[in-house]
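In what follows, a structure is listed as C-alpha cells, so that the remarks can point back to it.
The values are calculated or read from the model by the stated rules, or taken from the named source; none is laboratory data. Note that the structure is predicted; figures quoted are calculated from it, not measured. Note that we place each Cβ from the backbone using ideal geometry, even for glycine, and neighbour counts take in every protein chain shown. Accessible surface areas use protein heavy atoms only, side chains included; no ligands, DNA or RNA. Shrake-Rupley method; radii C 1.70, N 1.55, O 1.52, S 1.80 Å.
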2 protein chains.
Amino acid sequence: MYSFTEENYLKAIYKLSYEQKQSETSTNAIAEELDTRAASVTDMLKKLAEKQLVNYEKYKGVSLSDEGKSVALQVVRKHRLWEVFLHDKLDFGWEEVHEIAEQLEHIQSDRLINRLDDYLGNPKHDPHGDPIPDKSGALFIENYLPLNKVASGQACILTGVSDHSTSFLKSVEKWGLGIGTCLTPGDKNEYDGTLEVELPNGEKIVIGQKSAAHILVKI
Amino acid sequence: MYSFTEENYLKAIYKLSYEQKQSETSTNAIAEELDTRAASVTDMLKKLAEKQLVNYEKYKGVSLSDEGKSVALQVVRKHRLWEVFLHDKLDFGWEEVHEIAEQLEHIQSDRLINRLDDYLGNPKHDPHGDPIPDKSGALFIENYLPLNKVASGQACILTGVSDHSTSFLKSVEKWGLGIGTCLTPGDKNEYDGTLEVELPNGEKIVIGQKSAAHILVKI
DNA sequence: AAATATTTTTAGATAAGTCTAAAAATAATA
DNA sequence: TATTATTTTTAGACTTATCTAAAAATATTT
C-alpha cells in the first residue's frame with residue numbers, strides 16, 4: 001500500500017505533532033527526527049500532499065490528514081505490538097525492542113497483526129508503557145505525570161518513560177525500576193536538581209532532574 | 001547488509017539451482033521466478049558479481065559464490081522459521097504462511113532469529129516439511145520420495161510437499177492430509193493416471209498424477 | 001524599518017532498481 | 001552448414017528517494 005519511507009514520514013509527523021501538542025510540524029523538525037536533510041523532507045511532503053496524506057502549504061508547515069493519521073496510527077500499533085512480542089515472548093530487554101520493531105512495523109498484513117494482538121492477550125501498553133492503538137486506530141491516552149512534578153512523600157506507580165534511548169533505559173533498569181514499580185519521591189536538592197526516591201524495599205536512590213522528568217507515573 | 005532485492009535474487013538462484021540439481025542457472029529462469037524481465041536480471045547479476053555474491057559470465061549462466069550461498073541460506077532459514085511461528089503460534093494455515101514470511105524473511109537481526117528459533121523449540125522443518133538451516137547455514141537434506149514412485153500397498157508417511165501453491169495445499173487439506181499422515185497407495189488407473197490412496201481410518205481417496213508427484217513421503 | 005539570521009524551497013545530480021526496444025550471442029532446425 | 005528461433009545483453013529512459021548548493025521566504029535583531 002504505502003512504502004516504508006512514506007510510513008516513516010507519517011509516523012514522524014504523528015510523533016512530532018503529538019509531542020509538541022500542536023498539529024503543525026516544521027520541515028526541519030522532521031528532517032532531524034528522520035536523520036535526513038530538509039530538502040529531502042520538502043520533496044516527500046509534496047508527494048504526501050499529492051496523495052492527500054498530509055495538509056501541506058509551502059513555508060507554512062505540515063499536518064496529517066485523516067487518512068495520514070490513520071496510516072500513522074496503524075504503524076504505531078504494529079510497532080508497539082511487535083515490541084510486546086519481543087519483550088514478553090522472546091525476552092528482549094526494553095532497551096532492545098525499539099530497533100527491531102522499527103523493521104517489523106512495516107510488515108503488511110492486517111490478519112497477521114490482529115492475530116498477533118490476540119496471541120499477546122490484547123495488551124494495552126508496550127514495554128515502555130506507551131498505549132497501543134486498537135484495530136480501528138483508537139488510542140486511549142492516559143494523562144501520566146513526570147516524576148519531578150509529584151509532591152514529596154506522595155507515593156506513585158511508574159507507568160512509563162518519555163525517552164526511549166538505550167542509555168536512559170539502561171540506567172532506569174540499573175536503579176531496579178520498571179513498569180509498575182512503586183516510587184515515593186523524597187527530598188529534592190535545590191542546588192543540583194537531584195531527587196531522592198524511596199523504593200518499596202525501603203532503599204533510597206538519587207536521580208537527576210533530567211531522569212525525573214522522563215519517568216512517568218500515576219498517583 | 002544486503003538489500004531486499006539482492007536477498008530475493010540470491011534466494012531465487014539458490015532455489016532454482018537446488019530444484020534443477022545443478023549449480024548453473026539461466027537468466028530467464030530467474031526472471032520467471034521473480035516475475036520480472038530478463039534485462040533486469042542481467043543488470044542485477046552484474047551487481048551481484050561485482051560484490052562477489054555470484055559467479056557470472058556473460059551468456060554462460062550464473063551460480064552462487066560461497067558468500068552468496070551463505071546469504072541465501074540465512075534468508076531461507078528466516079523464511080522457514082517465521083513460517084513455523086505463523087503456523088504454530090498464530091494458527092495460520094500452511095497455505096497462508098508463505099506470503100507473510102516473504103516479508104518477514106528480510107528482517108535483519110541475528111539475535112532476533114536465533115531467539116525465535118529457541119522460542120519455537122528449534123524446529124527441524126517448516127509447516128510444508130522443508131528442512132530449516134541451522135545458525136551456521138547447515139541443511140540436513142532428507143531424501144523424500146514422491147508418492148507416485150511408491151509401490152502399491154507400501155505404507156508411508158507424508159513428510160512434505162514440493163509445490164507450495166495455495167490451490168494445491170488447499171486440496172491436500174481437503175483430502176484430510178497433513179505432515180505425518182500415514183498413506184498407503186493402492187490401484188493406479190493407467191488410463192487417466194489417477195491413484196487410489198488409503199488413509200489410516202480406512203477411507204480411500206483418489207488423487208491425480210500431478211498431485212501424487214508433489215506429495216513427498218518416507219517409507 | 002533595515003539588516004541579519006534562520007528556515008524552507010528549488011534546481012540539478014546521484015544511486016538502486018526497473019522497463020522497452022533493439023542488438024548480439026547462442027541454440028535449434030532444415 | 002546456413003537459416004531460423006531463442007536467449008541474453010546493451011542502450012537509453014523512468015521512478016523513488018536521496019543529496020549539495022544556491023535561491024527565496026520568513027523570523028529575528030539592531
key: Sole residue being surrounded by 17 or more Cβ atoms within 10 Å (Cβ to Cβ), away from DNA strand C (no atom under 14 Å from the Cβ) and at pLDDT 95 or above, chosen from B:89, B:11, B:15, B:78   = B:78
query = What about residue B:65, is it away from DNA strand D (no atom under 13 Å from the Cβ), farther than 30 Å from residue A:82 by Cα, surrounded by 15 or more Cβ atoms within 10 Å (Cβ to Cβ) and under 16 Å from the mean Cα position of the chain (by Cα)?
reply = no
query = So residue A:30 clears everything in (1) within 12 Å of DNA strand D (Cβ to nearest atom); (2) more than 27 Å from residue A:165 (Cα to Cα) except one condition, right? Which one?
reply = (2)
task = Please specify each residue of segment B:82-103 satisfying the condition of being within 19 Å of residue B:118 (Cα to Cα) and away from every other protein chain (no Cβ under 12 Å).
result = B:83, B:84
request  = Could you check, for segment A:57-70, whether at least one of its residues is touching a strand residue (DSSP E or B) at 6+ places or on another chain (Cβ under 7 Å), away from DNA strand C (no atom under 11 Å from the Cβ) and free of Cβ contacts under 8 Å to residues at least 24 places away in the same chain?
outcome  = yes
inquiry  = Is it the case, given these coordinates, that residue B:98 is part of a loop (DSSP other than H, G, I, E, B) and surrounded by 15 or more Cβ atoms within 10 Å (Cβ to Cβ)?
reply    = no
note = Exception for residue A:76 within (1) assigned to a helix (DSSP H, G or I); (2) away from every other protein chain (no Cβ under 14 Å); (3) within 21 Å of residue A:180 (Cβ to Cβ) falls at (3)
key: Unique match (being more than 8 Å from DNA strand D (Cβ to nearest atom) and closer than 17 Å to residue B:141 by Cβ) among B:10, B:73   = B:73
inquiry  = Which condition from (1) open to solvent by less than 60 Å² (accessible area, probe 1.4 Å); (2) within 19 Å of the chain's Cα centre (by Cα) is the one that residue A:167 breaks?
reply    = (1)
ask   = residue B:106 versus (1) more than 12 Å from every other protein chain (Cβ to nearest Cβ); (2) touching a residue at least 40 places away in the same chain (Cβ under 8 Å); (3) of a type outside the set (D, E, K, R): which is the lone unmet condition?
value = (1)
request  = Assess whether residue B:114 counts as being free of Cβ contacts under 8 Å to residues at least 60 places away in the same chain and outside any helix (DSSP H, G or I).
outcome  = no
message = Looking at segment A:143-157, can you tell me whether even one residue there is of a type in the set (D, E, K, R) and in contact (Cβ under 8 Å) with a residue 40 or more places away in the chain?
response = no
message = Condition check: at pLDDT 95 or above, surrounded by 16 or more Cβ atoms within 10 Å (Cβ to Cβ), farther than 29 Å from residue B:91 by Cβ and of a type in the set (S, T, N, Q). Does residue B:159 satisfy that?
response = no
Yes/no for residue A:36 being closer than 30 Å to residue B:107 by Cα and out of contact with any His (no Cβ under 8 Å at 6 or more places or on another chain) = yes
